[in-house]
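Down below is the structure, laid out as structure tokens.
The values are calculated or read from the model by the stated rules, or taken from the named source; none is laboratory data. Owing to the predicted nature of the structure, the values given are computational and were not obtained by experimental measurement. Note that we place each Cβ from the backbone using ideal geometry, even for glycine, and neighbour counts take in every protein chain shown.
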């Protein structure tokens, strides 16, 4: 009995330690956003440094997630168009590992974007989860906004109502939109860190 309790305690300590390590690794709002390089759906190498001096929006995605589906049925494309129309760079990031929900290759990603009417600047393929882990992305959609000075200005949920119901979008506080607009206007983000909601990012083990 004592051995079993000790084993459970050790596992709990390990889990807490891993959680603390992940939390520590995630960037903090106000600090420099982690540099990264990834290949997009067209096979091109994309680096965060390519967009120095511009507002950058990161959107974690997984087309099999009902929370992502909610937003692609209810306004993600309009949000992308609005942000990029004002000069922002929009990077949709797929960190689903091969064999997990949401994983697709470049041609499939391009086909899906065309069918959905999605218009990110780039759709980044992150099957090994390097970009996702660098940012501590936990769910889809998890949203981040990087200011022109390279610092993380927003991290959190796309809105304030954690549901997969499209009708809730109109009722919710549009947290990501407000953050994007504030950064583009050179203003501080009123709610710079919020709780994200959605499906867990399907990282490789």
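Observations
- When restricted to residues that are surrounded by 10 or more Cβ atoms within 10 Å (Cβ to Cβ) and either in a loop (DSSP other than H, G, I, E, B) or at pLDDT below 95 (or both), segment 22-50 contains 15.
- Cβ separations smaller than 7 Å between residues 6+ apart or across chains give the following pairs from segment 165-185 residues that are surrounded by 20 or more Cβ atoms within 10 Å (Cβ to Cβ) to residues that are modelled with pLDDT of 95 or more and part of a helix (DSSP H, G or I): 180/83.
- Given (1) assigned to a helix (DSSP H, G or I); (2) within 20 Å of residue 98 (Cβ to Cβ); (3) in contact with a helix residue (DSSP H, G or I) (Cβ under 8 Å, 6 or more places away or on another chain), number of the condition residue 110 does not satisfy: (3)
- Boolean, residue 89 is in contact (Cβ under 8 Å) with a residue 40 or more places away in the chain, buried (at least 17 other Cβ atoms within 10 Å of the Cβ) and touching a helix residue (DSSP H, G or I) at 6+ places or on another chain (Cβ under 8 Å): no
- For segment 51-60, the count of residues that are surrounded by fewer than 13 Cβ atoms within 10 Å (Cβ to Cβ), modelled with pLDDT of 95 or more and either out of contact with any helix residue (DSSP H, G or I) (no Cβ under 9 Å at 6 or more places or on another chain) or over 25 Å from residue 98 (Cβ atoms) (or both) is at least one.
- All of 101, 73, 80 fail the test of being in contact (Cβ under 8 Å) with a residue 40 or more places away in the chain, out of contact with any helix residue (DSSP H, G or I) (no Cβ under 9 Å at 6 or more places or on another chain) and either under 21 Å from residue 167 (Cα atoms) or not in a loop (DSSP other than H, G, I, E, B) (or both), apart from 80.
- Residue count for segment 113-127, restricted to those that are in contact (Cβ under 8 Å) with a residue 40 or more places away in the chain and over 18 Å from the mean Cα position of the chain (by Cα): 2.
- Pairing residues of segment 131-153 that are without any contact (Cβ under 8 Å) to a residue 60 or more places away in the chain with residues that are surrounded by fewer than 24 Cβ atoms within 10 Å (Cβ to Cβ) and part of a strand (DSSP E or B), at Cβ distances under 9 Å and at least 6 apart in sequence or on separate chains, gives 149/32.
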